[in-house]
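Read the figures in this text as sums done on the coordinates, not as results from a lab. Just so you know, these numbers come straight off a predicted model, no measurement behind them. A quick note on method: Cβ atoms are made from the backbone with ideal geometry, for glycine too, and the neighbour counts reach across all protein chains shown.
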C-alpha cells in the first residue's frame, strides 16, 4: 500500500479532474497543515479506535458469529468479491473506488488478534446467543469460534491470514465490475473471508461520496463550458474550487465527512 500522503493525494481525484494537468501531490503538499491532517485522517492516519471498536473479533454482524459451523465439511477456501450493482441515476455508469486503505490500516494490519480480545468477545457472545431470558445461566459459549480465533493467534501471531486484491484507489470503474476480492490464505481459516465482510463493505460510504463528487464536478464542467468559462484553472481557481462541502459540522464522527 502507498504512503498516507500519496493515498491522500489520490483521494483528491474526486475534486480535481483526473483528465486535467493538476498535480495532486503538489496540491496536497501546498495545503495548510490543518487541511492536510483532515485528509490524512480519512486515509488511515486517524487516532486509533478504542475498546470494542478496536477488537476485530467483535467487528461484525452478530449473525456471522456462528457461520463457521455452517460451512460444508471439507471447505478450505472461500473467495468473495465486492462490486457496485448499479445506480438509480442511469447516466452514472461508473463508481470511483476509495477508502479501502484506511480500513485495512486502521483495523487489519499487523497483530490484531490477542487473547484479551478473544476473551472479551467470548464473554459477550455467550450471553448474546444464550437463553438467559428463560433461566439464569443458560449461556451459549459454543456459538463463538474460539478455536478458530485462537488458531490465528497461536499459529499466525495474531495476524489475519487473508489476501485482498483491489483496483487502485481513485480509479473509476464501470458499474457491475469487481472492485476487490477477498480469500483466506490458510485452509483452516475458510470462515474468516466472509466474517470480514461487515468491516470491508464500509468502503461503500467513501466510495459513494467520491463517486458523487466526481459526477457533480462533471456537471459543473459542463455548464462552465456552456457559459464560456475556462475550466482548466488550478486551485484555488477553476473547477477544483467550485465544489464546496460544509457538512463536517453536521456529521456523526470525524471520519465521516468527505
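Rg to Rh for the range 112-186: what is it, with Cα atoms only and Rh by Kirkwood?
1.20
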- line: Pseudo-spin-label distance residue 142 to residue 248, built 7 Å along Cα→Cβ, given in nm, is 5.3 nm
query: Taking neighbour counts of Cβ atoms within 10 Å as a proxy for exposure, in what order, fewest first, do 256, 85 appear?
result: 85, 256
Projected label distance in nm at residue 171 and residue 81, using a 7 Å step from Cα toward the beta-carbon: 1.3 nm
